Amino acid sequence: MSVSPIRTDADYRKARARLAKLWDKTDKASRDDIDMLALVMDDFERRNYPMEAPTPLAAIRFRMEQAGLKPRDLEPFIGSRSRVSEVLSGARPLSLDMIRALHRHLGIPADALIQQGEPEPTAEPKEPSVPALQRLRSLGLMKAKETYAAFMKRMVGPQKAAAFLRKSRTQRTNAKTDQAALTAWLAAVRHLADQVDIAKPKKKQRGADAARTLAQLSTASDGPARARELLRKWGVVLVTLEHLPGTYLDGAAMCRDDGIDVIAMTLRYDRVDNFWFTLLHEFCHVSHHLSDTTPLILDDLELKSSDQIEDEADAFAQNALIPPELWSKSVSRSMDSEDINELAAAANIHPAIVAGRWQREHNEYRRFSKMLGRGEVRIYLQSRT
């Protein structure tokens, strides 16, 4: 049976009726006719009844309904409660940072978040906030009367300053982040890392076995210092530099120009459990994810992410710290401090790591709160490199 082009609404109604009659047929000729009818009907629908693209607000509301999200769940990606309210009411357009965060963390297509014909979203500020600049000076990184432009040139060199600002990034960061302050922090990290005299190892120590070796250093009170030294032997620079006001960051992974891997940590939470998870998360990035197209990865680990490499790094760190088979057979909601210590001994890691993971998985942060090793990391990492 031949399939004719559809030119009128009457042709379209006939095609629909014919399709309904053929729908339950299973022979090859009927299935071919069904495919052809679907094609010509689709062509007629697109020409005569085009669907309007969803507005950014409609796309956000659809994703919220789909995932069962409340307005407060958007705050890490959009900003304060009032800002979320303004966006959802249509009173505030999405900024570039909001679009990036909603696309990366909630999986909303970028095309749906950028309306055609509208002015391009506001880009990041050119200079950090005054508090961020003051912090740079108090840390001894920025000179008293130095401009931000001069600081950037001194940190990464006059030829590279502009290019550094444009570098491709994979960001698991809060929408409220001061991007210029974040760039300043990164420039300072690169400057500090470049000062470290380190040789490329003949054989890189990377992957799960190396991660497990790192994790077991957590049993020593000076484990963080030992980890830094071991990483240096493996050809990885570990830089610790506190985050600047307006940035929400735990760690970053990047490469020096000579190919040496760099892990940067803010020690935002001076806790044993947070330090080791963040370190191994970033170690996964330098082991598996850095490339010419992804030379820089930034992480706020408080944010949930739908990004594949972030999921991989989370799982990598989790499994390096506690082998999955050991966790699955040992964990329970009724665990007490003795159980935590026994599991830590079996995994040969610090008990704080077990306590922290139990809290996250059970969403119960009061129990074992005194076992997290607060104030036991920064004292062993007084120098920045």
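Coordinate-derived values only; no laboratory data. In this text the structure is predicted, and so the values were computed from the model without any measurement. All Cβ positions, glycine included, derive from the backbone under ideal geometry; neighbour counts span all protein chains shown.
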Where does helix 56-67 land angle-wise versus the long Cα axis of the chain, in degrees 0 to 90, nearest 10?
80 degrees
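Compute and list, largest first, the equivalent-ellipsoid semi-axes of the stretch 56-113 from the alpha carbon gyration tensor, each √(5λ) rounded to a whole angstrom.
14, 13, 11
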Show which lysines lie in cross-link reach of Lys304 when reach means a straight Cα distance below 23 angstrom and same-chain residues fewer than eight apart are skipped.
Lys70, Lys176
√(5λ) per eigenvalue of the Cα gyration tensor, the stretch 1-82, largest first, Å:
43, 16, 9
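So how many Å³ per residue does the convex hull of the Cα atoms of the stretch 270-320 work out to?
Numbers: hull volume 4.0 nm³, N = 51.
That works out to 79 Å³ per residue.
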For the charge dipole of the chain, defined by +1 on Lys and Arg C-beta atoms and -1 on Asp and Glu C-beta atoms about the Cα centroid, which residue among Val272, Ala187, Met254 has the Cα displaced farthest towards the positive pole?
Ala187
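Which loop chymotrypsin sites (Phe, Trp or Tyr not before Pro) in the stretch 8-45, with loop taken from DSSP, have no more than 10 other Cβ atoms within 10 angstrom of their Cβ? Kindly include the intermediate steps, with their values, before the conclusion.
On the way: sites: Tyr12, Trp23, Phe44; in loops: Trp23.
Those satisfying the criteria are Trp23.
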Sorted by packing (mean other beta-carbon atoms within 10 Å per residue), highest first, where do 256-266, 327-337 land?
256-266, 327-337
Name the residue, out of Glu302, Glu242, Glu310, whose mean-square fluctuation peaks in a Gaussian network model built on the chain with Cα pairs under 10 Å.
Glu302
Can you list the aspartates and glutamates whose alpha carbon is less than 15 Å from that of Lys153, not counting same-chain residues fewer than 8 positions off?
Glu127, Asp194
Using a Debye calculation, one point per C-alpha and no hydration shell, please list log10 I(q)/I(0) for the chain at q = 0.07 Å⁻¹ in order.
-0.45
Partners for Lys28 among lysines (Cα-Cα distance below 28 Å; same-chain residues under 8 apart left out):
Lys14
How large is the convex hull of the C-alpha atoms of the stretch 9-48 per residue, in Å³?
50 Å³
